[in-house]
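Novice: Got a structure for you, questions after.
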Protein chains: 4
Amino acid sequence: MDECTFEVGLRWRDLDHQGHVYHATVLTLLDEARTEWFRASIGIASPDEYVVARVTIDYRGEITRADDRIIVTFGMDRVGTTSLTTREVARAPDGRLLAEAAITAVLWDRTSHRPRSLLPQERGDASRFVRSDEDDLG
Amino acid sequence: MDECTFEVGLRWRDLDHQGHVYHATVLTLLDEARTEWFRASIGIASPDEYVVARVTIDYRGEITRADDRIIVTFGMDRVGTTSLTTREVARAPDGRLLAEAAITAVLWDRTSHRPRSLLPQERGDASRFVRSDEDDLG
Amino acid sequence: MDECTFEVGLRWRDLDHQGHVYHATVLTLLDEARTEWFRASIGIASPDEYVVARVTIDYRGEITRADDRIIVTFGMDRVGTTSLTTREVARAPDGRLLAEAAITAVLWDRTSHRPRSLLPQERGDASRFVRSDEDDLG
Amino acid sequence: MDECTFEVGLRWRDLDHQGHVYHATVLTLLDEARTEWFRASIGIASPDEYVVARVTIDYRGEITRADDRIIVTFGMDRVGTTSLTTREVARAPDGRLLAEAAITAVLWDRTSHRPRSLLPQERGDASRFVRSDEDDLG
């Protein structure tokens, strides 16, 4: 199984009134890192090519201004016919666990506004990140 | 079991490049509606009083500019010692299902930066929204 | 001269770490109110129809969570060939002055990615909001 | 006169429905770069230490996803008793002019919620960025 790690720099405006990164903004940060991963590893060049269908996220630690960036490690839980389900772990530069998430992304045909099937090349590239024998159930 | 329904108006900037409300922004909208619910029904006056520990959300339909607002119906899945787990269903004004979410909010002591126990009044108010006999497991 | 007034509800996430609405977010709020004004009064139905070319804004007072909404009064400084320059005054529900801004919006042809001329109907509708004899200089 | 240049990476969510960075978001990007400048050069460590009192910005070119970051060059227009007025020029990596802005930041005492005077060290550091003899008028 391959894994990939990407960093995202924080902005001051990511903080909310409580002084930590707002919970919804964490999804924006993961999205940004995932975009880099999809582009570099699976040939999906832009978030325009998919829609997010499902998110599960556990917030494990506060992300504060002292963390200038987060580091996200990606694996794949499942490669479906039209969807990818990722496994995403965000850590602070000091290694502190910040969040664990699973995202289901559905490949999207922007002209028909409907899901599209993964291309063979995309399937192959995505499957390299699947753990053990969990591939190809859908 | 009680339920509560609150509306949140959309903004043009909630749309992303794909023309629907960005997936992370949907959490901001739910947060806004939940804040009204918590204030009106449970006596938790501000998002400053809790942190979001866990989110599960299924996106069921695109929220577009044609939807000037969303309507969120809230129930409670579980009332814990220091946490509330909600059940949140967002619909368009025309009744179209948009998203279903569960949020675990941990009550937060802002001076000690630690979880705090629900007050008896808060427990009582929150329990009115729990379905059947699922209350008070934690 | 006509004037128009529109309200925009605040969200908790509009606050920044300092506890007041973030200065860039104030522009988002004005944009939202202006969209209503343009749609209701000038027949410009969506922010997709123009780009913002210039902003001047003076922040006159803190917008806090105690202000559940802002109230924006709009007038027109200038109606150009391809642009509108507005005059925007934001107040709190208690009448407190919050911000004064002038925005130059350039009408935009989305297919050619170039400015377009105001339609005669748009010019006429926009000119009703111009003070005295400042109209039609461009 | 000194100048300083800082970069800010773009995020996909900075784009609006029109496909370029939303006009209000450009202020967030400038704010992020300015924070780095203030910290590195003037000893103002955080945006919590000042409030933005006035913004003038001219948008000179579209910022699109093809621009992975913007590059902001900072100078100082004026060093006042309690305020700094900056001169900010944003360019794309290919040198294309994107925006020109002037921001008035008022140093802010967070405990009293009132402006505070610049410290002598801050005045000295800030004055190095002032053009010619425009310093110290306020």
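The values are calculated or read from the model by the stated rules, or taken from the named source; none is laboratory data. None of the values given here were measured: they were computed from a predicted structure. No Cβ is skipped: glycine too gets one built from the backbone with ideal geometry, and neighbour counts run over all protein chains shown. SASA here: full protein model, heavy atoms, side chains in, ligands and nucleic acids out. Shrake-Rupley method; radii C 1.70, N 1.55, O 1.52, S 1.80 Å.
Novice: Spot the failing condition for A:Ser46; the list is (1) of a type in the set (Ser, Thr, Tyr); (2) touching a residue at least 24 places away in the same chain (Cβ under 8 Å); (3) within 14 Å of another protein chain (Cβ to nearest Cβ), and only one is missed.
Specialist: The single condition A:Ser46 does not satisfy is (2).
Novice: Among the listed residues C:Val72, C:Val51, which satisfies the condition of being at the interface with chain D (Cβ under 9 Å from one of its Cβ atoms) and in contact with a strand residue (DSSP E or B) (Cβ under 6 Å, 6 or more places away or on another chain)?
Specialist: Of C:Val72, C:Val51, the one residue that is at the interface with chain D (Cβ under 9 Å from one of its Cβ atoms) and in contact with a strand residue (DSSP E or B) (Cβ under 6 Å, 6 or more places away or on another chain) is C:Val51.
Novice: Additional query: Here's a check for you: in region A:19-43, which residue that is of a type in the set (Gly, Ala, Ser) and closer than 30 Å to A:Leu119 by Cβ is nearest to the other protein chains (Cβ to nearest Cβ)?
Specialist: Residue satisfying both the conditions and the ranking: A:Ala33.
Novice: Right, something else. Find all pairs meeting these conditions: Cβ atoms under 9 angstrom apart; at least six residues apart or on different chains; first residue within region B:88-103 and hydroxyl-bearing (Ser, Thr, Tyr); second residue open to solvent by less than 50 Å² (accessible area, probe 1.4 Å) and assigned to a strand (DSSP E or B).
Specialist: Pairs found: none.
Novice: Next question, about the same structure. Sort out which residues of region C:75-85 are open to solvent by less than 10 Å² (accessible area, probe 1.4 Å) and not in a strand (DSSP E or B), and write them in order of number.
Specialist: C:Gly80
Novice: What do you reckon, is D:Asp2 at pLDDT below 95, of a type outside the set (Ser, Thr, Tyr) and outside any strand (DSSP E or B)?
Specialist: Numbers: at pLDDT below 95: yes; of a type outside the set (Ser, Thr, Tyr): yes; outside any strand (DSSP E or B): yes.
Yes: the conditions hold for D:Asp2.
Novice: Additional query: For region B:51-74, give me the residue count where each residue is within 21 Å of B:Val106 (Cα to Cα) and open to solvent by less than 10 Å² (accessible area, probe 1.4 Å).
Specialist: Step one: list which residues in region B:51-74 are within 21 Å of B:Val106 (Cα to Cα), which gives B:51-57, B:72-74.
Still in the running and open to solvent by less than 10 Å² (accessible area, probe 1.4 Å): B:55, B:57, B:72, B:74.
Qualifying residue count for the region: 4.
Novice: Can I ask one more? Which number in (1) polar (S, T, N, Q); (2) more than 14 Å from chain D (Cβ to nearest Cβ); (3) in a loop (DSSP other than H, G, I, E, B) marks the one condition that C:Ser112 misses?
Specialist: (2)
Novice: On to the next question. Filter region C:1-35 for residues that are surrounded by 17 or more Cβ atoms within 10 Å (Cβ to Cβ), in contact (Cβ under 8 Å) with a residue 12 or more places away in the chain and of a type in the set (D, E, K, R) and give the result.
Specialist: Once the filter is applied, which keeps residues that are surrounded by 17 or more Cβ atoms within 10 Å (Cβ to Cβ), in contact (Cβ under 8 Å) with a residue 12 or more places away in the chain and of a type in the set (D, E, K, R), region C:1-35 yields C:Asp14, C:Asp31, C:Glu32, C:Arg34.
Novice: Kindly indicate the residue of region B:96-114 that is in contact with an Asp or Glu (Cβ under 7 Å, 6 or more places away or on another chain) and within 17 Å of B:Ala53 (Cβ to Cβ) and also surrounded by the fewest Cβ atoms within 10 Å (Cβ to Cβ) among those meeting that condition.
Specialist: B:Arg110
Novice: If A:Ala102 passes every condition in (1) within 14 Å of another protein chain (Cβ to nearest Cβ); (2) not in a strand (DSSP E or B) but one, which one does it miss?
Specialist: Tallying (1) within 14 Å of another protein chain (Cβ to nearest Cβ); (2) not in a strand (DSSP E or B), A:Ala102 fails exactly one: (2).
Novice: Mind checking whether some residue in region C:66-77 is farther than 20 Å from C:Ala33 by Cα and either touching a Phe, Trp or Tyr at 6+ places or on another chain (Cβ under 6 Å) or small (Gly, Ala, Ser) (or both)?
Specialist: Pass one, region C:66-77, residues farther than 20 Å from C:Ala33 by Cα: none.
No, region C:66-77 contains no residue that is farther than 20 Å from C:Ala33 by Cα and either touching a Phe, Trp or Tyr at 6+ places or on another chain (Cβ under 6 Å) or small (Gly, Ala, Ser) (or both).
Novice: While we're on this one: Given the structure, is C:Gly43 under 17 Å from the mean Cα position of the chain (by Cα) and at positive phi?
Specialist: For C:Gly43, the condition - under 17 Å from the mean Cα position of the chain (by Cα) and at positive phi - is met.
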